[in-house]
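Computed from the coordinates by the stated procedures, all read-outs in this text should not be read as laboratory data. None of these values were measured; they are calculated from a predicted model.
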Amino acid sequence: MRLNGWEWIIILVIVLLLWGGPKLPGLAKSLAQSLRIFKTEIKSEDKPKKDEGSSSN
């Protein structure tokens with residue numbers, strides 16, 4: 001399901017009404033931090049661990 005431009009605008013208006021203008025920057029900042037942490041965790045999962053290969057004797 002892909003959202004069109006009008007659907008994004010409606011969602012943004014609803015979010016603005018629910019949380020109000022002054023709280024939105026804090027909400028956006030916490031969302032960005034969460035996404036950044038998520039990306040680093042995904043990247044660390046992709047890298048093979050060096051210790052696992054050498055302890056298989």
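At 20 °C and 1.002 mPa s, what whole-number value in µm²/s does Stokes-Einstein give for the translational diffusion of the stretch 5-45, with Rh from the Kirkwood sum over Cα pairs?
My calculation gives 182 µm²/s for D.
Under 29 Å Cα to Cα from LYS47, which lysines show up? Leave out anything in the same chain fewer than 8 places away.
LYS47 reaches LYS29, LYS39.
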